[in-house]
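**Student:** Here it is, the structure in full.
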Amino acid sequence: MKEILNILRKPFTPDRIEWRLQSCGEKQDGSIWAKCLCYIDNRAAQERLDEVFEDGWSSHETFQQIGDKAVCVVEINIHEAPGIQARSVTGTCAVESNGDIDPFKSAASGAMKRAVVNLGVGRYLYDLPETWAIIDPKGKYDGKTKTGTRFRWNPPGIDANTLSMVKAESANFIDDLPTIPAIAPVKALPVVESDGTWRTVIIPFGKQKGMALGSLPAASLKWWRDNYQPKPFKGKISDKDKAFRDALDQSAGPATSKPAPAFEVPAFEEPEAMDDVPF
């Protein structure tokens, strides 16, 4: 088990590290300053789980619209195997719907990365010191100050000495790993047979793909009505997209006399606090 945890928490190669601005501004002389944070993306997190557990892990996503935020809870289940202890960990992320093309997708990505931290993946990033970005007109990344001034920048990189320091400071990782209670697996949604109303129309794409409109919370259903508009492909809107839009419009009308589908959708409450993570 110790060997497995060491692999989970080992640093990523430079090509799997991403960077984002933490803060930036302009000095009195007009020059730009910026600080940045490094992180791993969702794919790198999942690849690390594949490396360690192969097909011995699974995940489940639960979505809900809460106010103006798309919220996702991701549960990762590690299945018991020789030398591997079964456990479950969860991560939660909320993304404001305004201005985000697909807030549910962004929330799912953030929730996955918050979940894997509980297994040690990317945990060393918490201990990396604050670092300055290198302002460069030909830099890899684009930035913008609060006053609207745009600039280009490069990350400083992470040298071997920094990683050695981090690994030494986190040598007690195994002893500090929290005990996480197992979580009962969420049942898969049953196949929904059409009853001829909007309630049994299936969401055709996105992270809620496969769910019936009638199974969504009222706030989530309203989000779909307010935000989804079919887009033409080669100058034509598909019949499938038209039907989905029509079902959304019907959902805003008087309730039908036909019963709703006989299934329940797992619900969850908004967490009291959603702490920030370095990725």
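**Student:** Can you sort TYR141, TYR124 by how many other beta carbons sit within 10 Å, fewest first?
**Tutor:** TYR141, TYR124
**Student:** For segment 198-251, what is the relative contact order in percent, using Cα pairs closer than 8 Å and at least 6 residues apart in sequence?
**Tutor:** 36 percent
**Student:** Would you order THR145, THR92 from fewest to most other beta-carbon atoms within 10 Å of each residue's own beta-carbon?
**Tutor:** Ordered from fewest to most neighbouring Cβ atoms within 10 Å, THR145, THR92 come out as THR145, THR92.
**Student:** Please report the net charge: other residues with Cβ closer than 12 Å to the Cβ of ILE78, K and R +1, D and E -1.
**Tutor:** Neighbourhood net charge equals -3.
**Student:** Still on this structure, please answer the following. Among HIS79, HIS60, rank each residue by its count of other Cβ atoms within 10 Å, from fewest to most, as a rough exposure measure.
**Tutor:** HIS79, HIS60
**Student:** May I ask you to evaluate 6.51 cos²θ - 1.76 cosθ + 1.60, the Karplus curve with θ = phi - 60°, for each residue of segment 83-93 and list the ³J(HN,Hα) values in order in whole Hz, giving x for glycine and proline?
**Tutor:** Using θ = phi - 60°, the values come out as x, 10, 8, 5, 7, 10, 9, 10, x, 10, 9 Hz.
**Student:** At q = 0.11 Å⁻¹, what log₁₀ I(q)/I(0) does segment 28-94 have when each alpha carbon counts as one equal point scatterer in the Debye sum?
**Tutor:** Taken in order of the listed q values, log10 I(q)/I(0) reads -0.45.
**Student:** Could you work out the pair-distance distribution P(r) of segment 55-102 from its alpha-carbon pairs, with 10 angstrom bin width and percents rounded to whole numbers?
**Tutor:** 25, 36, 23, 13, 3
**Student:** Given the Cα atoms of segment 2-176, and with Rh set as the inverse mean 1/r over their pairs in the Kirkwood sense, what is Rg to Rh to two decimals?
**Tutor:** 1.02
**Student:** Here is a further query. Taking amide hydrogens as modeled 1.01 Å from N in the peptide plane, which residues meet the under 5 Å criterion relative to MET211, leaving out close sequence neighbours?
**Tutor:** ILE203
Every read-out reported here was derived from the displayed coordinates using simple, explicitly stated rules and does not represent laboratory data. If you're wondering where the values come from, they're calculated on a predicted model, not measured in any experiment. Cβ sites come from the backbone with ideal geometry, for glycine too, and all protein chains shown count toward neighbours.
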